[in-house]
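Engineer: The structure that follows is given in the form of structure tokens.
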């Protein structure tokens, strides 16, 4: 076989083909032996052109969300049932269509009692209410004043090859006095800051 550099150079067309190694199948399973296959430039272009498209955004209208010791579901507002995702009023997220999703969780936490104490507030994500996804986010503070209004943002990447996976976002507290709190701004042109908000985008 001649060296590739000896072949003529032409401008590729979308129906032309290129050789490659098949490492992962459409279900995300490793392909044994990595066979050599052909790819249409049309299909390669689809992958290159992918980008994240927002599927859903929602926020809690509650003034506060609280938890002590035991984990509690964080809620993000009313039921939204869309083509690829479903957000329940109880905070459970169902990913209805397999794929890769980028989830941003935004919380505001504070201490609600004027006592000197050490408080830790914990956040995590459970898949099917059983398996933790990623790390636990922990925030520990000591204060002898009532303090409200510290934001925290938690980005999560979810890739699933199985439809209808359910995710719950949990809050727990050790010590005394921490909770998620909404902040009323009272300034024209600025909406109040919710205690919890979620934005979900899908790689398309």
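The values are calculated or read from the model by the stated rules, or taken from the named source; none is laboratory data. Just so you know, these numbers come straight off a predicted model, no measurement behind them. Every residue, glycine among them, receives a Cβ derived from its backbone with ideal geometry; neighbour counts consider all protein chains shown.
Engineer: Considering only residues that are exposed (fewer than 13 other Cβ atoms within 10 Å of the Cβ) and either at pLDDT 85 or above or not assigned by TED's automatic domain parsing to the domain that holds residue 102 (or both), which ones fall in the range 135-160?
Structural biologist: Matches in the range 135-160: 135, 136, 138, 151, 153, 155, 157, 159.
Engineer: Please state which of the following conditions residue 50 fails to meet, knowing it meets all the rest: (1) modelled with pLDDT of 95 or more; (2) over 30 Å from residue 148 (Cβ atoms).
Structural biologist: (1)
Engineer: Can you confirm whether the range 66-78 contains a residue that is within 17 Å of residue 102 (Cβ to Cβ), in the same structural domain as residue 175 (by TED's automatic domain parsing) and part of a loop (DSSP other than H, G, I, E, B)?
Structural biologist: Yes, the range 66-78 has at least one match.
Engineer: Which condition breaks for residue 89 when tested against (1) under 17 Å from the mean Cα position of the chain (by Cα); (2) part of a loop (DSSP other than H, G, I, E, B); (3) without any contact (Cβ under 8 Å) to a residue 24 or more places away in the chain; (4) farther than 30 Å from residue 141 by Cβ?
Structural biologist: (1)
Engineer: Scan the range 78-85 and tell me whether some residue there is out of contact with any helix residue (DSSP H, G or I) (no Cβ under 9 Å at 6 or more places or on another chain), surrounded by 11 or more Cβ atoms within 10 Å (Cβ to Cβ), under 30 Å from residue 193 (Cα atoms) and in contact (Cβ under 8 Å) with a residue 40 or more places away in the chain.
Structural biologist: Checking the range 78-85: at least one residue is out of contact with any helix residue (DSSP H, G or I) (no Cβ under 9 Å at 6 or more places or on another chain), surrounded by 11 or more Cβ atoms within 10 Å (Cβ to Cβ), under 30 Å from residue 193 (Cα atoms) and in contact (Cβ under 8 Å) with a residue 40 or more places away in the chain.
Engineer: Do the conditions hold for residue 107, that is, is it in contact (Cβ under 8 Å) with a residue 12 or more places away in the chain and within 13 Å of the chain's Cα centre (by Cα)?
Structural biologist: So residue 107 does not fit the description; no.
Engineer: Report the residue count in the range 25-42 for those that are under 30 Å from residue 200 (Cα atoms) and surrounded by fewer than 11 Cβ atoms within 10 Å (Cβ to Cβ).
Structural biologist: The total comes to 5.
Engineer: List, please: which pairs have Cβ atoms under 6 Å, are six or more places apart or on different chains, and start with a residue in the range 174-188 that is assigned by TED's automatic domain parsing to the domain that holds residue 149 and end with one that is crowded, with 21+ Cβ neighbours inside 10 Å and in a loop (DSSP other than H, G, I, E, B)?
Structural biologist: From residues that are assigned by TED's automatic domain parsing to the domain that holds residue 149, the pairs are 180/195; 181/195; 182/194; 182/195.
Engineer: Just to verify a result, which residue in the range 31-65, among those that are under 17 Å from the mean Cα position of the chain (by Cα) and part of a loop (DSSP other than H, G, I, E, B), is nearest to residue 126 (Cα to Cα)?
Structural biologist: Per the stated criteria, the residue is 60.
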